[in-house]
Each structure stands twice: as structure tokens, then as C-alpha cells.
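Data block below; observations after.
The values are calculated or read from the model by the stated rules, or taken from the named source; none is laboratory data. Only a predicted model underlies this, so the values are computations on that prediction, with no experimental measurement involved. No Cβ is skipped: glycine too gets one built from the backbone with ideal geometry, and neighbour counts run over all protein chains shown.
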Amino acid sequence: MTGTTWRDDVARDLIKNVGPRMELFVRGEGAHMWDAEGRRYLDFLAGIAVNSLGHAHPVFVEAVTAQAATLAHVSNYFATPPQLALAARLKRLAGTGETGRVYFANSGAEANEAAFKLARLHGGAERPRILALHGAFHGRTMGTLALTGKPAMRAPFEPMPAGVEHLESTIEALEAAMGDDVAAVFVEPIKGEAGVVDLPVGYLEAARELTTRHGALLIVDEIQTGAGRTGAWFGFQPSGITPDAITVAKGIGGGFPVGALITFGAASDLFYPGTHGSTFGGNPLAAAVAVAVLGEIEASDLPANATLRGAQIRQAVAELGSPLVAGTSGRGLLIGVQLTAPVANDVVAAAQERGLIVNAANESTIRIAPPLNIGDTEIAEFQPLFAESLAAVAALSPEVSA
Ligand SMILES: *Cc1c(COP(=O)(O)O)cnc(C)c1O
């Protein structure tokens, strides 16, 4: 069945769990995508921090095709070389040392579901409480929705799995809530979906100290911040702490669905045979692609490029002197442009009309998360497109005095 337009097809055939699709894309190369009419767009969203190497990168294409032609899936009754290579690489990059372990999933939510079960295995009956942050996003499955600190997302699906409490993102709030009945604290190093919100200085260090003192796990959700995006391999690393577990997905596969729970130390021995599983998780196709993507991020030192290019984008945005821009947040190539008015959706639409893809993380925050391998050319292309988009919206916004 074909409608008159692709929008008709969307409206008729797709479950209405999200709003109308903004565009129909047919092809990508590097930091660019093309729609069905052949219009070219600069992609500064990268599938929400997923396409780490951009689109159709030769390393990605080669890994998919070579492994698909070799061995794509065997089930978890069996091991495969790509799966073992990916586990070893993730342990090394996360810095788990010998005692770390990896559980493979296919998405961020599934990685966090595994982390939720890890917290329950650790907590047992004595520790029914799990702490997470207001505004945090951990996924849309029932377990991860319970962790997600957005009441409006949870409301239609109550009752939630029990025990999760949401706190203000302050060290004082965590101190006040901690106790020996807490199984785990879940935290994102930067709250991406909340609007690229940075944690207070010293938060992770304090969370580590408090969870250790009370015997709770510290679980860091690196699904958006991982794979080099913030300038370090993982967002927690500059703090110097050792978490009990991190979860990864998005940028690890560069566009191929893959997720993982990575445990450190004693938390590595909580799961035992029969306690969790996934048919697809860790299949050799996904694992080989992730190994190749992480290999390219490492070989080209893309975490360092994320720091360099992130600073250039921040400067390019500041140079515009737009009355709509209050400032920026985030680290490396996970950037929030904080607006002075709730017009983020208008800016996104204006940018799209001009051939620039960015995203409204909330009504007054533009999220910028380009491929990690962008350079001067892409930033030079971005700046005037973003400037024109802001100017077009500022001209129409009574709230903004130019
Ligand atoms: C995207 C995201 C998730 C959920 O990942 P999915 O692959 O969409 O299930 C969880 N946590 C964070 C921090 C994310 O950014």
C-alpha cells in the first residue's frame, strides 16, 4: 500500500507513539544526509549521538558487510570471536581492570533494564530503594521508565516497578536520601534528554563516597555520554571515580543497534546463570560493528576531536551574539544551546528549512551532537545556517529584544 505522500504512509501505517516525522531521509554520507527530493542537510544530531563516525563511514560499511558474510547470529548458547573482542575492548576503555564483566543488549533501555536487575540482585529484601534524578532519562521500558525522572512519561503506565525515588540533582539531596536500605543510585554524567544539563561540580565524587559508605551500587548511565562524545571515553572518567557499573549504547555501534552493561569489581558477580538474557544481545554482527567503530574512534583519537570541535562550536555560537542564546552546556560534542525563550522547536524547524539538523532537547534547549569526526568544514557550514535560523526565530519572537 502506498499513499499519495510519505506523510500519508506515516499517518496510516505507523503506531502513533511519536508525533509526525519531520523529514524522509534516503541517504547519508559523513555529516550529511539527503531527503527524497535530493536536498542535502548537515546532520548535527547524528541520530541522537548515535552515528559517531557519521553516515556510511567505510569502517562501518566494511564491518557490517564482512561480518554479515561471515557469521551474523548464533544465540547465547555459543560464544563468538567478535563478542569476546568487544567485551575485552569495553573493559579496557571503561577501565574495569581484570574483574570487570560485560552483558550485551541491543539498546540503551535494555542495558538499563539489566542494570535495574543488577541493582535488585544487590539489594535483595534489605535494600528496596533505588535513587535516580529528577529529569533523568533512562529509557521507555517499564523498568527504565520507573528510573526515568519525568512524571508525564510515567503517568499513563502506572503502576511502575516499585522502589524508585527521584531526587533533586544536588549533593545535599543525595546525602539526605541515602541510607542502608538503598540498593543503587542511577545517574547520567550529563542529563542529555533533560536538556544537556550538567551535574553540579563534585556530584559524582560525592555519589561515590555516599554509595560506598552505605553499601549501595553507583550505576552511571553512559548511553548518551559514552563512546568518546564528551571528550573522554566515558563521561564519568574525568571525575576519577570507579563506578560499580555503567551502561552504554547509542554511539558504541555507530548506527548499529547494540547496548551493554559493564560491571566493575564485586558487582561483576551478581548475575548468575538463568538470571537474565537476550536472544540478539552480543550477536557477532552487532559486536563486530561495535569493535570496528570503537577501533576507529580510538585510532583517529576522536575523543580529543570531540573536545576540540566542541570548543569551536561553542565559540561559533557565542560569536553570533544572538539575543536568543543565553549560553551553552554539556561537554565535548554533546552541547546544549540554552535559549532565552521557549522557542527551541521553532529554531529546529527554521534550521531544517535551511538544511541543518539539530534537535530541541526541551522547549528552550537546542541539542547539538554531530558525528565525532567533524572538522573545520562542517563547523564553517554550521555557523551561518545556525545564525540564520536563530535570526529568523528572533525576528518573530516578541519575548526576545534584539
Ligand atoms: C537514549 C538513552 C537511553 C535509552 O536508550 P534506547 O536505545 O533509546 O533504549 C537511556 N539513557 C540515556 C541517558 C539515553 O540517552
field: Evaluation of LYS91 against (1) surrounded by fewer than 21 Cβ atoms within 10 Å (Cβ to Cβ); (2) more than 30 Å from GLY195 (Cα to Cα) (one fails), failing number
entry: (2)
message: Can you say whether LEU53 is in contact with a helix residue (DSSP H, G or I) (Cβ under 7 Å, 6 or more places away or on another chain), among the aliphatic types (A, V, I, L, M) and in contact (Cβ under 8 Å) with a residue 40 or more places away in the chain, as far as the supplied structure shows?
response: yes
message: I want to confirm something. Restricting to segment 18-53 and keeping residues that are small (Gly, Ala, Ser) and assigned to a loop (DSSP other than H, G, I, E, B), which single residue is surrounded by the most Cβ atoms within 10 Å (Cβ to Cβ)?
response: SER52
message: Going through ARG208, ARG213 one at a time, which residue ends up being away from the ligand (no atom under 16 Å from the Cβ), in contact with a strand residue (DSSP E or B) (Cβ under 8 Å, 6 or more places away or on another chain), assigned to a helix (DSSP H, G or I) and not assigned by TED's automatic domain parsing to the domain that holds ARG367?
response: ARG208
task: Kindly state which helices (runs of 4 or more DSSP H) lie completely within segment 65-157 and contain at least 2 residues that are of a type in the set (A, V, I, L, M) and out of contact with any strand residue (DSSP E or B) (no Cβ under 9 Å at 6 or more places or on another chain).
output: 81-94, 142-147, 151-154
message: Suppose we keep only residues that are under 14 Å from LEU90 (Cα atoms) and among the aromatic types (Phe, Trp, Tyr) within segment 212-268. Which one would you say is farthest from the chain's Cα centre (by Cα)?
response: PHE264
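Residue-wise test of (1) over 22 Å from PRO128 (Cα atoms); (2) within 16 Å of the ligand (Cβ to nearest atom); (3) outside the structural domain of SER107 (by TED's automatic domain parsing).
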{"residue": "ALA184", "(1), (2), (3)": "no, yes, no"}
{"residue": "GLU188", "(1), (2), (3)": "no, yes, no"}
{"residue": "VAL196", "(1), (2), (3)": "yes, yes, no"}
{"residue": "PRO200", "(1), (2), (3)": "yes, no, no"}
{"residue": "LEU217", "(1), (2), (3)": "no, no, no"}
{"residue": "VAL220", "(1), (2), (3)": "no, yes, no"}
{"residue": "GLN224", "(1), (2), (3)": "yes, yes, no"}
{"residue": "ASP244", "(1), (2), (3)": "no, no, no"}
task: Answer yes or no: is there a residue in segment 210-220 that is out of contact with any Pro (no Cβ under 9 Å at 6 or more places or on another chain), at pLDDT 95 or above, under 18 Å from ALA111 (Cβ atoms) and buried (at least 16 other Cβ atoms within 10 Å of the Cβ).
output: no
message: Of all residues being within 16 Å of the ligand (Cβ to nearest atom) and among the aliphatic types (A, V, I, L, M) in segment 95-130, which is farthest from GLU165 (Cα to Cα)? Just the residue, please.
response: ALA105
- prompt: Filtering segment 306-343 down to residues that are in contact (Cβ under 8 Å) with a residue 40 or more places away in the chain and in a strand (DSSP E or B), which residue is farthest from GLY251 (Cα to Cα)?
  reply: VAL325
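Conditions tested, residue by residue: (1) on the phi > 0 side of the Ramachandran plot; (2) touching a Gly at 6+ places or on another chain (Cβ under 7 Å); (3) at pLDDT 95 or above.
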site: GLY254; (1), (2), (3): yes, no, yes
site: PRO273; (1), (2), (3): no, no, yes
site: ALA306; (1), (2), (3): no, yes, yes
site: LEU324; (1), (2), (3): no, no, yes
site: THR340; (1), (2), (3): no, no, yes
